[in-house]
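The values are calculated or read from the model by the stated rules, or taken from the named source; none is laboratory data. This structure is a prediction, so every number in the text was calculated from the model and none was measured. Every residue, glycine among them, receives a Cβ derived from its backbone with ideal geometry; neighbour counts consider all protein chains shown. Only protein heavy atoms, including side chains, enter the accessible area calculation; ligands, DNA and RNA are left aside. Shrake-Rupley method; radii C 1.70, N 1.55, O 1.52, S 1.80 Å.
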Amino acid sequence: MSDTFPIDLLRTEPTPFYYYDTRLLADTLAAIKAATAGDADFHVHYAVKANAHPELLHYIAEAGLGADCVSGGEIRASLSAGFPADSIVYAGVGKSDWEIALGLDADIFCFNVESLPELEVINELAAARGRTARVAFRINPNVDAHTHANITTGLNENKFGLAMEDMIPAIRRAEALSHVRFVGLHFHIGSQIEDVRTFIPLCERINELQDRLDAEDIRAELINVGGGLGIDYVTPDRTPIPDFAAYFAVFREHLKRRPGQSVHFELGRSVVGQCGSLIARVLYVKEGHSKKFLILDAGFTDLIRPALYQAHHCIENLTADTTATERYDVVGPICESSDVFDRQVELPVSRRGDLVALRSAGAYGEVMASGYNCRELPRGYTDALLKGRP
Ligand SMILES: *Cc1c(COP(=O)(O)O)cnc(C)c1O
């Protein structure tokens with residue numbers, strides 16, 4: 001059982017809600033800093049889509065990370081959390097005109113462009129403002145991330161990015177336009193990549209593409225390798241902080257950087273995943289024919305990853321007062337059969353009113369919540385916020 005939860009504080013809050021351990025977040029940010037120290041050309045941008053809780057964003061901005069946004073709303077959230085505009089990169093296959101305009105007006109660091117029509121629109125909107133937009137092209141490197149199909153983004157049949165053979169013509173087109181400036185290449189092969197060696201083929205592919213750029217006498221100021229580093233969902237207490245040293249070492253060793261070239265990273269899950277838990281209460285223990293159900297007051301409207309990606313989250317009973325155990329199917333209240341967090345989980349014998357934590361839920365948890373079934377959105381609290389209450 002975890003001793004990382006301030007049970008007395010959690011007990012008094014109406015459930016379900018997200019609880020964020022900012023001490024673990026601080027340690028994680030320190031680990032990223034340590035792993036990139038001594039490499040002034042490495043820049044880490046936090047992928048805001050993983051968790052946009054204002055307090056967490058504020059912590060992350062204070063630690064000196066940049067922001068990686070995929071919408072105008074995320075650019076706004078990043079700016080108000082204190083991320084400097086010149087640390088913001090902006091990706092997405094479907095950028096609306098107002099979102100591009102917002103990025104231009106804020107003078108963000110770089111647009112990661114995913115198609116030629118988008119490049120033309122950015123150029124037009126920038127011209128109308130008398131600005132020049134820095135653009136990197138997102139290239140689909142056709143590298144297999146060996147992860148769940150719904151979170152693989154770097155294969156050829158994916159909607160993201162430009163095909164490799166379209167790279168040079170796209171750069172030539174950018175050079176011909178007056179209000180965009182080509183600055184580099186962007187990649188992102190997928191998410192929850194647990195074996196860092198998966199990034200070696202990405203580096204090799206980037207090296208090949210850079211050789212093609214050299215042959216055309218094109219200079220890329222930056223290479224953005226995206227995000228995707230995974231976390232340990234199975235034993236979160238054993239690996240609360242991902243192995244950032246091993247991750248960055250792969251790029252240090254395998255990516256052939258050109259002189260003065262900067263390398264950008266867009267880490268989301270690995271920054272915030274382990275610091276968050278969804279806290280729920282047991283509503284009912286229901287005896288089925290052949291099994292027992294633990295019915296929680298949280299469902300897939302609060303945490304959709306198990307239903308959407310067949311993802312596993314460790315489930316803990318935080319308040320049980322027995323060591324005797326029982327197997328339960330842990331389910332939510334939503335009127336859908338897919339509203340199951342996990343099946344046949346061994347837990348201490350549980351009762352109505354017990355507090356339960358779904359661990360490793362800091363990334364793609366609260367941000368993906370919905371109001372389906374007219375449910376209220378879960379709130380998110382940091383430890384500091386809970387303690388500071390009257
Ligand atoms: C989602 C996303 C990321 C972050 O991915 P993680 O797996 O959370 O690190 C980075 N870059 C882009 C372009 C993304 O879409």
So what's the stretch 175-217 giving for Rg/Rh, alpha carbon basis, Kirkwood Rh from the mean inverse pair distance? 1.12
Roughly how far apart, in whole Å, are the Cα centres of the stretch 178-202 and the stretch 312-331? 39 Å
Heavy-atom accessible area per residue - the chain, 1.4 Å, Å²: 42 Å²
For the residue pair THR132 and ARG219, what label-to-label distance in nm results when each label sits 7 Å from Cα along the Cα-to-beta-carbon direction? 1.3 nm
Between TYR381 and residues 5 or more places away or on another chain, which pairs have amide H atoms under 5 Å apart, with H built 1.01 Å from N, and which residues are they? TYR18, TYR19, TYR20
Semi-axes (Å, rounded, descending) of the ellipsoid equivalent to the stretch 301-357 per its C-alpha gyration tensor are 22, 11, 10
With no solvent and one point per C-alpha, what does the Debye sum give as log10 I(q)/I(0) for the stretch 232-305 at q = 0.15 Å⁻¹? -0.76
Let's test the formula: R0 of 35 Å, r as the Cβ-Cβ distance of ILE168 and SER96. What FRET efficiency results, to the nearest 0.05? 0.80
Set Lys and Arg Cβ to +1 and Asp and Glu Cβ to -1, take the dipole of the chain about its Cα centre, and tell me which of THR325, GLY94, GLY38 lies farthest positive. THR325
Cα convex hull volume per residue for the stretch 274-388 (Å³): 113 Å³
Taking the chain, how much of its Cα-Cα pair set, in percent, is spaced more than 42 angstrom apart? 17 percent
Farthest toward the dipole's positive end in the stretch 22-271, which of TYR59, LEU25, ASN207, given Cβ charges of +1 (Lys, Arg) and -1 (Asp, Glu) about the Cα centre? TYR59
Would you mind calculating the gained length between GLN310 and THR323 on full extension (0.36 nm times residue separation, minus the Cα-Cα distance), in nm to one decimal? 1.8 nm
For the chain, what is the relative contact order in percent, using Cα pairs closer than 8 Å and at least 6 residues apart in sequence? 19 percent
According to the square roots a ≥ b ≥ c of the eigenvalues of the Cα gyration tensor, what is the shape class of the stretch 38-149, taking rounded for a/c under 1.5, prolate for a/b larger than b/c otherwise, and oblate for the remainder? oblate
If you roll a 1.4 angstrom probe over the protein chains with everything in place, what fraction of the accessible area of the chain belongs to carbon and sulfur, to the nearest %? 51 percent
Looking only at the chain, where both bridge partners belong to it, what percent of the DSSP beta bridges are antiparallel (to the nearest 5)? 35 percent
